[in-house]
1. If you take the residues of the stretch 26-67 that are part of a strand (DSSP E or B) and β-branched (Val, Ile, Thr), which of them is farthest from Phe112 (Cα to Cα)?
2. When you go through (1) over 19 Å from Asp170 (Cα atoms); (2) surrounded by fewer than 17 Cβ atoms within 10 Å (Cβ to Cβ); (3) modelled with pLDDT under 95 one by one for Pro38, which number turns out not to apply?
3. Could you grab the pairs with beta carbons closer than 6 Å, sequence gap of 6+ or different chains, first residue in the stretch 132-155 and farther than 29 Å from Val85 by Cβ, second one polar (S, T, N, Q)?
4. Would you confirm, using the coordinates I've provided, whether Asp139 is surrounded by fewer than 17 Cβ atoms within 10 Å (Cβ to Cβ) and either outside the structural domain of Thr98 (by TED's automatic domain parsing) or over 20 Å from Val36 (Cα atoms) (or both)?
5. Does Lys93 qualify as being charged (D, E, K, R) and over 16 Å from Asp162 (Cβ atoms)?
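The values are calculated or read from the model by the stated rules, or taken from the named source; none is laboratory data. Remember, it's a predicted structure, so these values are computed and weren't measured experimentally. Positions of Cβ are backbone-derived with ideal geometry, glycine not excepted, and every protein chain shown enters the neighbour counts.
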Amino acid sequence: MARQQMISLAIISYLAMAWGYAGVKPTEPFNYSIEVDPNGDFLLFWKFNDTHITFEVHVKTYGYVGFGLSENGNMYPADVVVGWVKDGVTHFKDCHTTAHASPVVDIHQDWFLLHGEENDFGTVLKFVRKLDTCDKNEDEKIQDGTIRMIYSYHPNDPVTDDSLIYHGPDHRGTKSLSLLSMSSAASVTWSTDNHDVRLYDFLNENVRLLYVVLYIRVTEQLVYLYVFTIFM
């Protein structure tokens, strides 16, 4: 295959990745993003600097959304936030879990809401916190390395701020992420179907690439990009 064709495939791959989640537009540019659940119903965007990390979630629900960090990937103990939008007003609170029960509101609120809305996709929540809140009893320290992210959502809003409805087994999950690692960029726009994602240097003469087959599958909300390669 001619090198020009290979470069063209690389450009097509880049454009498909840039397109990413069709129909979902974050409120600002983010460095990283990932499809958290297998159905594409929970999308996470994030960026960070030396002291803070900003998250934005887009969830296909008009009920409440739960997002958190856990040492072992279990729903408890965990550092979580819960939020929802009702009658145009965003409700948001920093919590922690201690059992299979409603989260407990933290004494010190260290996660801060930046934006909340409902749109055609569902619910959008944007929030920020320090990487290290120094709250060892209620918050997880975010540092380099793998961390377990947990998520949940429900189709309905709570009746009151203190009456969360159980999300059920089908609207929750966990995912291992390296939030502060550049390697997370490989997960920016790909599905979670356990396909390998590899980046190739198409201008390197030492890359022994014989064929590249590009397959793009478009669904209502997502674009899936598959690259099949055969090496000699």
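1. Start the filter on the stretch 26-67 by keeping residues that are part of a strand (DSSP E or B), which leaves 32-35, 42-48, 52-59, 65-67.
Add one more test, that the residue is β-branched (Val, Ile, Thr), and what stays is 34, 53-54, 57, 59, 65.
Details: Ile34: 21, Ile53: 11, Thr54: 9, Val57: 14, Val59: 19, Val65: 15 Å.
For the stretch 26-67, the residue satisfying everything is Ile34.
2. So Pro38 meets the others, but not (1).
3. The qualifying pairs are Thr146/Ser176; Thr146/Ser178.
4. Details: surrounded by fewer than 17 Cβ atoms within 10 Å (Cβ to Cβ): no; either outside the structural domain of Thr98 (by TED's automatic domain parsing) or over 20 Å from Val36 (Cα atoms) (or both): yes.
No.
5. Values: charged (D, E, K, R): yes; over 16 Å from Asp162 (Cβ atoms): no.
In short, no.
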